[in-house]
Amino acid sequence: MNHADYINTVLKPLADKPQQAYMSNLLQVADILQWVLEQTGPAAIKMTSFSISEEFLRRLYFIRQEGLVTDIDIVLDFKATNKTLILWPFIAQTVRNCYLASSHAKILLVGNDRWKVSVVTSQNLTRGNRYESGCISTSPEIFDSLTEQINYVITRQSVPFNEVFSRTVGKD
């Protein structure tokens, strides 16, 4: 069974079920992102997570190559900085903006002229084979509220990661 088949056993199409929740060990955040984008078409993405992995970035890179992503902003936690530093060259090639903040939130927002999809999940932007849970909504009110809150963190509570990276690399 491929990923699309797994997703279809857990989730229903957004047009059929605009509010849904899941708890599964079959899905990864990258699977959900791709599934949402296949329904919305090309869209801008905002993501928050405690940490990010090379495996997730690889999937994100290929999703971008498919032309499904118009823009990406990611907020990661300060405590995961060492791991993020190692991945920075790959992050910089895949993501427009990466920020560091004190944030344990795991949110995925996918939006374009037709769709506003919000996913709040327990999983980091990593790969794991444990049970994770999440809620998916196409409510514009939820999307707009989460967008406003993420933008607040980005503009008032975060540091652009490229600044941290350039200072760290410059110490050599």
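Numerical summary
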| read-out | value |
| --- | --- |
| Quarter of Cα convex hull surface for the range 29-169, i.e. mean projection, nm² | 7.9 |
| Helix-only CD estimate at 222 nm, as mean residue ellipticity for the chain, using -39500 (n - 2.57) per DSSP H run (n ≥ 4) | -13000 deg cm²/dmol |
| Residues with amide H under 5 Å from that of Y99, placed H, sequence gap 5 or more | I74, V75, L76, F161 |
| Candidates S103, S139, S158, ranked by Gaussian network fluctuation over the chain, Cα under 10 Å, top entry | S139 |
| Computed over the chain: relative contact order in percent, which uses C-alpha pairs under 8 Å that are six or more apart | 28 |
| Placed amide H near S139: partners under 5 Å, 5+ positions off or other chain | S118 |
| Helix axis angle, 81-94 relative to the chain longest principal axis, alpha carbon, degrees | 70 |
| Centre separation in Å (Cα based) which lies between the range 102-142 and the range 30-66 | 11 |
| C-alpha long axis of helix 54-65 to longest principal axis of the chain, angle in ° | 70 |
| Amide H contacts of V69 (H built 1.01 Å from N, under 5 Å, at least 5 apart or other chain) | A43 |
| In degrees, nearest ten, helix 29-40 long axis to first principal axis of the chain (Cα) | 60 |
| Among D113, D71, D31: highest mean-square fluctuation, GNM of the chain, C-alpha pairs under 10 Å | D113 |
| Cut-off of 10 Å, at most 15 other beta carbons, DSSP loop: longest stretch of the chain lacking such trypsin sites (Lys or Arg not before Pro) | 1-95 |
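All of the numbers you see were taken from the coordinates with simple rules; none came from a lab. Since the model is a prediction, treat every value here as computed from it, not as a measurement. In this analysis, Cβ positions are derived from the backbone assuming ideal geometry, glycine residues included, and neighbour counts consider all displayed protein chains.
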